[in-house]
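These notes concern the structure reproduced below.
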Ligand code: 4NP
């Protein structure tokens, strides 16, 4: 079992988008039983307010025919670090926040999703850019590259 936790700031745009995009990819490849995929945020305020996936994230997932279920924002917990194998973040700010929340990445589980691509970079926050198309294609590139990396490294 490969346990993947996507992490962004608010856990209502990028990380739930990545969660459902990767889920669709593994389902299409018949790898469903091999994976557990979830998402979390570094901030706690959306969890306190019980905020679900942002409507523009739902809109792009619907437009791109990516199945999704409801997901309520939750802040990453220290126990998540033990529980998950890969903690895939969206940007440098997420990495910095995780250092504060979790301490040192002793088991080397924390990556930026686009580090698996040939063009490592941040995934910009669509909450601020308003560009959910760009986010979607970045997420697709990252998830495809992550799956390829798992295969190339004989993890699956
Ligand atoms: P996300 O975007 O990190 O991609 O989920 C954000 C969503 C909400 C907020 C910040 C970022 N917010 O401040 O509420």
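The values are calculated or read from the model by the stated rules, or taken from the named source; none is laboratory data. Quick caveat: nothing in here was measured; it's all calculated off a predicted structure. Don't worry about glycine lacking a Cβ; one is built from the backbone with ideal geometry, like all the others, and counts go over all protein chains shown.
Among the residues making up the range 77-91, those that are touching a helix residue (DSSP H, G or I) at 6+ places or on another chain (Cβ under 6 Å) and closer than 30 Å to residue 55 by Cβ are 88, 89, 90. If you check 26, 7, 21 for being surrounded by 15 or more Cβ atoms within 10 Å (Cβ to Cβ), more than 14 Å from the ligand (Cβ to nearest atom), within 16 Å of residue 143 (Cα to Cα) and in contact (Cβ under 8 Å) with a residue 40 or more places away in the chain, only one passes: 26. Of the numbered criteria (1) more than 14 Å from the chain's Cα centre (by Cα); (2) modelled with pLDDT of 95 or more, the one residue 88 fails is (1).
May I ask you to list pairs of residues, at least six apart or on different chains, whose Cβ atoms are under 8 Å apart, with the first in the range 35-50 being at pLDDT 95 or above and the second being in a loop (DSSP other than H, G, I, E, B) and more than 13 Å from the ligand (Cβ to nearest atom)? If the second residue must be in a loop (DSSP other than H, G, I, E, B) and more than 13 Å from the ligand (Cβ to nearest atom), the pairs left are 35/1; 36/1; 38/84; 40/77. Of the residues making up the range 38-50, at least one is within 16 Å of the ligand (Cβ to nearest atom), more than 22 Å from residue 124 (Cβ to Cβ), surrounded by 13 or more Cβ atoms within 10 Å (Cβ to Cβ) and under 11 Å from the mean Cα position of the chain (by Cα). State whether one or more residues within the range 95-107 are touching a strand residue (DSSP E or B) at 6+ places or on another chain (Cβ under 8 Å), modelled with pLDDT of 95 or more and closer than 12 Å to residue 7 by Cα. The answer is yes; a qualifying residue exists.
Taking helices (runs of 4 or more DSSP H) that fall entirely within the range 1-66, which contain at least 1 residues that are touching a helix residue (DSSP H, G or I) at 6+ places or on another chain (Cβ under 9 Å) and within 18 Å of residue 133 (Cβ to Cβ)?
Numbers: elements: 14-28, 45-48, 55-63.
In the range 1-66, 14-28, 55-63 are the helices (runs of 4 or more DSSP H) which contain 1 or more residues that are touching a helix residue (DSSP H, G or I) at 6+ places or on another chain (Cβ under 9 Å) and within 18 Å of residue 133 (Cβ to Cβ).
So if I check each of 137, 127, which one is over 20 Å from residue 11 (Cβ atoms), within 16 Å of the ligand (Cβ to nearest atom) and out of contact with any helix residue (DSSP H, G or I) (no Cβ under 7 Å at 6 or more places or on another chain)? Just one listed residue meets the conditions, 137.
Checking the range 67-85 against the condition returns no match, with no residue being within 16 Å of the ligand (Cβ to nearest atom) and without any contact (Cβ under 8 Å) to a residue 12 or more places away in the chain. Among the residues making up the range 100-112, those that are without any contact (Cβ under 8 Å) to a residue 24 or more places away in the chain and surrounded by 12 or more Cβ atoms within 10 Å (Cβ to Cβ) are 105, 110.
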